[in-house]
1. Could you give me the ³J(HN,Hα) list for the stretch 351-356, computed from phi with Karplus coefficients 6.51, -1.76, 1.60 and θ = phi - 60°, whole Hz, x at Gly and Pro?
2. For the stretch 233-389, report the % of Cα-Cα distances exceeding 29 Å.
3. Ranked from the most accessible area to the least, with a 1.4 Å probe and all protein chains present, what is the order of His256, His117?
4. Compute the accessible area per residue over the stretch 236-357, keeping the other protein chains in place, probe 1.4 Å, unit Å².
5. Given axes a ≥ b ≥ c from the Cα gyration tensor, I'd like to know whether the stretch 308-355 is rounded (a/c under 1.5), prolate (a/b larger than b/c) or oblate.
6. Compute the separation of the alpha-carbon centres of the stretch 121-158 and the stretch 254-272 and state it in Å as a whole number.
7. Could you tell me, in Å, what Rg and Dmax come out for the Cα atoms of the stretch 44-135?
8. Give a residue-ordered list of calculated ³J(HN,Hα) values for the stretch 196-204 (Karplus: 6.51 cos²θ - 1.76 cosθ + 1.60, θ = phi - 60°; whole Hz; x for Gly, Pro).
Amino acid sequence: MQLSKLDIKNIIKGDEKMKRLIAVLMAFAMLFALTACGSAPASGETGGDSKTVDVGIVLPTKDEPRWIQDETRFSEALGSTDYSVEILFSQGSSAKEKENVDALIAKGIKVLIICPHDGDAAASAVEAARKEGIKVISYDRLITGTDAVDYYVTFDSIAVGEAQAKYLVDQASGSGNPLYLYAGAASDNNAFLFFEGAWNVLQPKIADGTFVIKNSSEAVALQGKAKLTRDEMGKIIGQVTTNWDFNEAKNKAEAHLTAAQAADKGNVFILAPNDGTARAIADAFAADPAVTSYKVTGQDAEKASVQYIIDGKQSMTVFKDVRTLVKDSISMAVSLLEGKEPQTTGSYNNGKIDVKAKQTEVIVVKADNVKSALIDSGYYPASDFTNLK
Ligand code: BGC
């Protein structure tokens, strides 16, 4: 049925009931126009139908700002894809992670992007996805001990550890500088890569007496060895792990300071694996009157740590531009959905197979380049910080 403007005018004049009918008809016409324009379900949202999710994303926890950064960047980037995506968090539990993957499988996903809470434990979840023909992309952390991983999108994690150690080496002069080592969770393959990178740079400077390790008998026992096996690293990490937990980091640092003599303090150098643990460890060292000064590393460029750096409470961070990792994993997923072979730059062995990988470089941030690296690049607005120069 079509109504001319004149018809409508006449009807409106004559009859109130008809007026309402016209309003309803017009609303229908508008709805039809929208549908005809092909308005698909919004990208980044779960479609109404339970079988319409194309890509499932599973992140380890909402309790660390690092993974909220990833969620935010995924949501920003997903605005430009036509595929529907759902993001779930595992809250530091492998059981919850498996439930999340099962829920996404039931929703018909074709690609799974997953950052495991525990690299070994995630194997069963991705094996279940593989059985359904779903392509698996390991995100940031490698899933280990299984052949059910198709691709890996990551930062150069060895370079992260090397950059942290190089910072400490560059700040140290003379010999006998007290060195405190801390590491990530042993269930995270990255913790080994970060430590391996740091050891590459620190070990020669421990061997030549520039640094003296103060908080790990296992590291002292191995300090003559330039290259450590995974088991050897595991022994050191077992002693100085933070488990990526701020409280554990703080408690461990306090225990080390209680055990140390005043002569083991003074101007100290601290290898802290990431920003959250760096702030916790820094606070513990800052509170010890026998610590004259401390240099402490970090990674992730979390806002709170960027403020700590501006305020002189944390020395550096390693900025991993999550926008790039997100972009790479989305374009990898889109290639897979379109039946194309994604681009990769190398491979990582996960204990079972070599997983094809796309790797991204990292950037060191100190007080003097916060502005150019993080503000001018549009990563954070200047208004998020105080006393920024
Ligand atoms: C990530 C870091 C993060 C840490 C703790 C690592 O696997 O690469 O960016 O700080 O996990 O969540």
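1. These are the phi-based 3J(HN,Hα) values: x, 10, 9, 8, 9, 5 Hz.
2. Working: 4254 of 12246 pairs.
More than 29 Å apart: 35 percent of the Cα pairs in the stretch 233-389.
3. His117, His256
4. Result: 39 Å² of accessible area for each residue.
5. oblate
6. Each part's Cα centre sits 39 Å from the other's.
7. Both quantities, over Cα of the stretch 44-135: 12.5, 34 Å.
8. Result, ordered by residue: 4, x, 5, 5, 3, 8, 7, 4, x Hz.
The values are calculated or read from the model by the stated rules, or taken from the named source; none is laboratory data. The structure displayed is predicted, hence computed values, not measured ones. Just the protein is used for accessible areas: all its heavy atoms, side chains included, with ligands, DNA and RNA removed. Shrake-Rupley method; radii C 1.70, N 1.55, O 1.52, S 1.80 Å.
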